[in-house]
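The values are calculated or read from the model by the stated rules, or taken from the named source; none is laboratory data. What you see is a predicted model; the values in this text were computed from it and never measured. FYI the Cβ positions are ideal-geometry reconstructions off the backbone, even for glycines, and counts take in every protein chain you see.
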Amino acid sequence: MRNQGKNIHRLAEYPLERQFADTWDKFNRDEQTTLEYLLAEDLNWPKDEVTHRDRMVAATVIQWLGSHVGQYFLEQVKKSTSLEA
């Protein structure tokens, strides 16, 4: 996994965290990745500006969204924006 978060030890025990982490990794395997576009100075032309730490921080946050606390956070966002079905 190229885009690894700090807490990969949790992936075996928490399947939703693994799903979030694996999906993020897949989205960021190409030469010009989602993260490259998000952090580029010129959003249309990323130039390999992403550091190893950038990748680790982003992957950690994405994995966290799959945790119980991260899911609670997402539920609160849905409720506050009336997007919950």
Exception for Leu35 within (1) in a loop (DSSP other than H, G, I, E, B); (2) hydrophobic (A, V, I, L, M, F, W, C); (3) closer than 27 Å to His9 by Cα falls at (1)
When region 16-33 is checked residue by residue, the ones that are surrounded by 15 or more Cβ atoms within 10 Å (Cβ to Cβ) and hydroxyl-bearing (Ser, Thr, Tyr) are Thr33
Across (1) in contact with an Asp or Glu (Cβ under 9 Å, 6 or more places away or on another chain); (2) modelled with pLDDT of 90 or more, Glu13 clears everything bar (1)
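Listed here are the residues, each with its yes/no results for (1) of a type in the set (D, E, K, R); (2) more than 14 Å from the chain's Cα centre (by Cα).
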position	(1), (2)
Arg2	yes, no
Arg29	yes, no
Leu43	no, yes
Asp54	yes, no
Ala59	no, no
Val69	no, yes
Phe73	no, yes
Lys79	yes, yes
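How many residues does region 1-15 hold that are under 23 Å from Tyr72 (Cβ atoms) and surrounded by fewer than 15 Cβ atoms within 10 Å (Cβ to Cβ)? Steps first, please.
Of all residues in region 1-15, those under 23 Å from Tyr72 (Cβ atoms) come to 5-15.
Add one more test, that the residue is surrounded by fewer than 15 Cβ atoms within 10 Å (Cβ to Cβ), and what stays is 6, 9, 12-13, 15.
Looking only at that region, the number is 5.
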Per the list (1) at pLDDT below 90; (2) in a helix (DSSP H, G or I), residue check on Phe73 breaks on (1)
Checked region 40-70 for anything in a loop (DSSP other than H, G, I, E, B) and more than 15 Å from Phe20 (Cα to Cα); matches are Ala40, Glu41, Asp42, Leu43, Asn44, Trp45, Pro46, Lys47, Asp48, Glu49, Val50, Thr51
Kindly establish whether Thr60 is surrounded by 13 or more Cβ atoms within 10 Å (Cβ to Cβ) and at negative phi. yes
Residue hits (region 7-32; in a helix (DSSP H, G or I), in contact with a helix residue (DSSP H, G or I) (Cβ under 6 Å, 6 or more places away or on another chain) and within 13 Å of Gly66 (Cα to Cα)) are Arg10, Glu17, Phe20, Ala21, Trp24
